[in-house]
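The values are calculated or read from the model by the stated rules, or taken from the named source; none is laboratory data. Source: prediction; values computed, not measured. Reconstructed Cβ throughout: ideal geometry from the backbone, glycine too, with neighbour counts over all protein chains shown. Protein only, heavy atoms only, side chains kept; ligands, DNA and RNA dropped before computing areas. Shrake-Rupley method; radii C 1.70, N 1.55, O 1.52, S 1.80 Å.
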Amino acid sequence: MIGIFAGEGKSDLEEKKRWTIHSRMSDPIHHRALMAELPNEIGRLNDIIQGVLVHADWAEEYGLDLTRLDASARKTLPIAERFDDVFARDPQPLHCRRPAERRSTGTCRDFALALSSILRSKSVPARVRCGFASYFSEGWEDHWVCEYWNAATRRWHLSDAQIDRMLKEKKQIKFDPADVPRDYFMPAGEAWLKCRRETVDPQAFGHGEVNGLWFVKVNVVRDHYVLNGRETSDWDRWREADFSQRLILQQELPLLDTLASDPAQDLIEVLPDWLP
């Protein structure tokens, strides 16, 4: 990953540089020097992250007792706190693979945030993306990945640091998780626009048993927020919405269409309408 900005014009360079600046959540603070020393190769970084994190939803597959998971297991933590937890459980260097019982337990967003944080610490443009993956179920499942700039190809690539050997075998994943094909991950805005054009079925998108255009709306806002340095927000509280509140109002459509078309535009605060 040499010459990140080679061949870029001034405006392009400034745009890419935006994605090398840490957000509050991605800033490793006292771990920054350790991250800068890690390898550059994306696949190797995925392996390292998999060696220190485990996904809460798959804990049993790694031989863990779900009843013993702590509160942080399903909460996205600032990366500095997440790596504090990693070292509290096992003080070995980051590149040393831990057994599952000595890893920190999180969600797909923690994996994506970890890779984005490491890459930004190396001045590589990287960002977390919220959308939907097709490789976990028959439909499009709520998911978060890292999107990074590759200077050699001069385009953005997707990496899913969560996809380890176990998941590849269980879900019959054939592609390289360090370069997820665009056919397999759809950013929330793209999903929204396709639903609006009626080229896809909104019921194919969701999280578990919650699906449809309302949930796509949730992720449209979350992807817009994350591209403005807000990896967590009140929109993560979508489970608190009563079934009767999971609606799309006509007056919402213009704003949602705008956010879906340009999720990286300057932040527009959108309040979850089910919260007081």
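Quick check, is residue 98 surrounded by fewer than 24 Cβ atoms within 10 Å (Cβ to Cβ), closer than 16 Å to residue 162 by Cα and either of a type outside the set (Ser, Thr, Tyr) or touching a residue at least 60 places away in the same chain (Cβ under 8 Å) (or both)? When the stated conditions are applied, residue 98 passes them.
In the condition set (1) assigned to a helix (DSSP H, G or I); (2) crowded, with 16+ Cβ neighbours inside 10 Å, residue 27 is compliant with all but (1). All of (1) at pLDDT below 95; (2) outside any loop (DSSP other than H, G, I, E, B) hold for residue 158 with one exception: (1).
Among residues of the stretch 114-129 being among the β-branched types (Val, Ile, Thr) and not in a loop (DSSP other than H, G, I, E, B), the one that is surrounded by the most Cβ atoms within 10 Å (Cβ to Cβ) is 118.
Checking the structure you have, find out if any residue of the stretch 41-58 is modelled with pLDDT under 95, farther than 22 Å from residue 167 by Cβ, open to solvent by 40 Å² or more (accessible area, probe 1.4 Å) and not polar (S, T, N, Q). Checked the stretch 41-58: no residue is modelled with pLDDT under 95, farther than 22 Å from residue 167 by Cβ, open to solvent by 40 Å² or more (accessible area, probe 1.4 Å) and not polar (S, T, N, Q). Restricted to the stretch 61-76, and to residues there that are in contact (Cβ under 8 Å) with a residue 40 or more places away in the chain and surrounded by 15 or more Cβ atoms within 10 Å (Cβ to Cβ), the residue that is farthest from the chain's Cα centre (by Cα) is 64.
In the set (1) modelled with pLDDT of 95 or more; (2) over 16 Å from the mean Cα position of the chain (by Cα); (3) assigned to a loop (DSSP other than H, G, I, E, B); (4) farther than 26 Å from residue 15 by Cα, residue 135 fails one condition alone, (2).
Scanning the stretch 130-142 for residues that are open to solvent by 10 Å² or more (accessible area, probe 1.4 Å) and under 20 Å from residue 56 (Cα atoms) yields 134, 135, 136, 137, 140, 141, 142. Inspection of the stretch 157-164 identifies no residue that is surrounded by fewer than 16 Cβ atoms within 10 Å (Cβ to Cβ) and touching a residue at least 40 places away in the same chain (Cβ under 8 Å). Among residues of the stretch 235-270 being touching a residue at least 60 places away in the same chain (Cβ under 8 Å) and part of a helix (DSSP H, G or I), the one that is farthest from residue 209 (Cα to Cα) is 261.
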